[in-house]
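The values are calculated or read from the model by the stated rules, or taken from the named source; none is laboratory data. On a predicted model such as this, the values are computed, not experimentally measured, just so you know. As a convention, Cβ positions derive from the backbone with ideal geometry for all residues, glycine included, and neighbour counts pool all protein chains shown. Accessible surface is based on the protein model in full, side chains and every heavy atom, while ligands, DNA and RNA are left aside. Shrake-Rupley method; radii C 1.70, N 1.55, O 1.52, S 1.80 Å.
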Amino acid sequence: MSSLSTHVLDAMRGAPAQDVAVTLYRGAEQLDSGTTDADGRIGALGGTLPAAIYRLVFATGPYFAGQQVDTFYPEVSVSFEVTEERHYHVPLLLSPFAFSTYRGS
C-alpha cells in the first residue's frame, strides 16, 4: 500500500499557502480531506492507498478570496495514478491565474 502527502506554495506571495482545503477522491468516492498547515502541507491523506487513479481537489477560490485576490481558478483538480508501493507527494505551485504540479518525492 502507498501513502500520500501534498504541499501548496503561493507563487504570488512567495510563501506557503496556509488554510487551503484539499479533498482526495477515487472515482466519485470522497476518501479524505484536510487543510494545509502553516507550512502549506498536509502530511497524510487517505491512509494507505491501493493501486488506482486518484484525484486531489484544491479549493483555491476560497483561499484567494480570503486574501481579497481575484482568481481565474476556483479549484484545481489534479488526477494521478498510484502504480507501485511507495510514498506519493503531489506539490501544487499556485498563483491567481496559473498553477503547476509535478510528482514530488
*For 79, 105, what's the largest-to-smallest order of accessible area, 1.4 Å probe?*
105, 79
*Rg to Rh for the chain: what is it, with Cα atoms only and Rh by Kirkwood?*
0.96
*Looking only at 48, 60, 36, which one moves most when the chain is put into a Gaussian network model with springs between Cα atoms under 10 Å?*
48
*Taking the chain as a Gaussian network, where each spring joins two C-alpha atoms under 10 Å apart, which residue of 22, 69, 90 fluctuates the most?*
69
*In whole Hz, what ³J(HN,Hα) sequence does segment 92-105 give by Karplus (6.51, -1.76, 1.60; θ = phi - 60°), x for Gly and Pro?*
10, 9, 10, 9, x, 10, 6, 7, 8, 8, 7, 7, x, 10
*asked:* Counting other C-beta atoms within 10 Å, and keeping those with at most 11, which DSSP coil trypsin sites (Lys or Arg not before Pro) do you find in segment 27-96?
replied: 86
_What is the sum of charges, Lys and Arg at +1 and Asp and Glu at -1, for the other residues whose Cβ falls under 10 Å from the Cβ of residue 40?_
-3
*Would you mind working out the accessible area per residue for the chain, using a 1.4 Å probe, and quoting it in Å²?*
53
_If each residue of separation counts as 0.36 nm, what is the full-extension length gain between residue 52 and residue 1 once their alpha-carbon separation is subtracted?_
17.3 nm
*Ellipticity estimate at 222 nm from DSSP helix runs (n ≥ 4, -39,500 (n - 2.57)) divided over the chain, nearest 500*: -1500 deg cm²/dmol
*Roughly how many Å² of residue 29 are accessible to a 1.4 Å probe, to the nearest 10?*
100
*If you rank 71, 6 by how much accessible surface each has, with a 1.4 Å probe, what is the order from largest down?*
71, 6
